[in-house]
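Shown next, in C-alpha cells, is the structure this report addresses.
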Amino acid sequence: MRIAIRMDDITPGMDWEKFGKIKGLLDEADVLPLIGVVPDCKDPKLAIDPERTDFWSYVKQLQEKGWTIAMHGLHHVYTTKDGGLFPLNRQSEYASLPLEAQTSMIREGKQILEGHGIHTDLFMAPAHAYDENTLQALLANGFTRMTDGYGRRPYRYRGMTFYPISFDRGRCLKDPSEDPTTFVIHPNTMTEGELSFYRDLIKRGNLLNYRDFLSMEPVERTGAGALFEHLQALTKRTLVQVMAKR
C-alpha cells in the first residue's frame, strides 16, 4: 500500500524537539504530510514545551510549503465517554453532545484558524471520535472532508468524504497494492523506536503526499460498510486493551 503520514496534536506548546525529528525525516524525503492543528488547546497533556510565539505564522508557512492542515477539534478536551461512530476510544470532545453545541464548537475552531490565515475544509476528530451530529455540524460549517475510517480508498458517507487510516501497520506494509492508507503519528509521545520505524519506512519509499491522497476519487460507503467499520474499530480497541494488560 501507499502510505500517507498524519501527525496529531499540533499546538504551540507541543514537544518541538520530537516534532523536529520527524519533520526532518519527512523534509529530507520530500514527503508532504497532514497535520492536525488544535485551534485553542486546553489539554494540559499537550503543554510540554514553552509556547512558540510564532506558531501560527509557522503553521501557515507549512501550509504554503504543501503540508495539509486539518482542524483537530477545538480545545482537545474530552467532554464525553462516547466513542461515536468510529469507537477506537471511549472518549470524545464531540460525540453525544447536542447538534447546537457541536455546531458552535466547530464554528469557533474554524474562526480561530481563519483569524490566523489558516483555511481548511478537513477535520481530524480528537480520539477519532465523532457521531452523526458531528457530521452535520461540520457540513454546516463548510467542512467536507475527514481523516478517519477504514478502507482501501477514500469514501463518501453522509455527505462527508473520508480518507482512511490503517487498521494494521504490519499488514499494510506487506500489501503490494497501490491502494492508499494513512499512518498516524503523535509526535509528543513518539519514542526512539517509533522514530526508527519511520526512518526505515521513509527509506523504503512508496510514501504518498497527503495532498495527492486528497485528489483521489472517493467511492460510496454503504450502511453495511459503515457498520462493518464500526465493528472493526471496536475490535481494534479491544485488541489494544488486551495487549496493554500483558
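Listed peptides 231-237, 83-89 appear in the order 83-89, 231-237 once ranked by packing, highest mean of other Cβ atoms within 10 Å at the front. Consider the candidate values [x] 44, 43, 41; [y] 53, 41, 32; [z] 69, 39, 30; state which one is Cα extents along the principal axes in Å computed from the structure displayed. It is the value labelled [x]. Report, in listed order, any pair from K42/K110; K23/K174; K60/K203; K18/K45 with a Cα-Cα distance greater than 21 Å. Where the Cα-Cα span goes over 21 Å, the pairs concerned are K23/K174; K60/K203. For the pair K21 and D121, label points projected 7 Å from Cα toward Cβ lie 3.8 nm apart. Spatial offset of region 183-227 relative to region 138-164 amounts to 15 Å, using the alpha carbon center of each.
Taking the number of Cβ atoms within 10 Å of each Cβ as an exposure proxy, the fewest-first ranking of E93, E178, E132 is E178, E132, E93.
Between N206 and R152, the modelled labels are 1.5 nm apart [label points 7 Å from Cα along Cα→Cβ]. Work out the P(r) tail for region 6-103: percent of alpha carbon pairs separated by more than 21 Å, whole number. For region 6-103, the fraction of Cα-Cα distances above 21 Å is 40 percent. Using Cβ point charges alone (K and R +1, D and E -1), the dipole size of the chain about the Cα centre works out to roughly 720 debye. Taking the fewest neighbouring Cβ atoms within 10 Å as the starting point, the ordered list for H119, H128 is H119, H128. Comparing G83, P44, V59 along the charge dipole axis of region 1-99, the residue lying farthest to the positive side is G83, per the Cβ-charge model.
Taking a point 7 Å out from the Cα of R171 in the direction of its Cβ, the residues of region 209-246 whose backbone N falls within less than 15 Å of it are 228-240.
Put in order of Cβ neighbour count within 10 Å, fewest first, the listed residues H76, H116 become H116, H76. Distance from the alpha carbon centroid of region 87-123 to that of region 1-59 works out to 19 angstrom. Please list, by residue number, everything in region 95-116 whose backbone N is under 20 Å from a paramagnetic label point 7 Å out along Cα→Cβ of T53. Answer for region 95-116: 116. Computed over the chain, relative contact order equals 26 percent, with contacts defined as Cα pairs under 8 Å that lie 6+ residues apart.
Readers should treat all values here as calculations from the given coordinates under stated rules, not as data from a laboratory. Just so it is clear, the structure is predicted and the values come from calculations on it, not from any experiment. We place every Cβ from the backbone using ideal geometry, glycine too, and count neighbours over all the protein chains shown.
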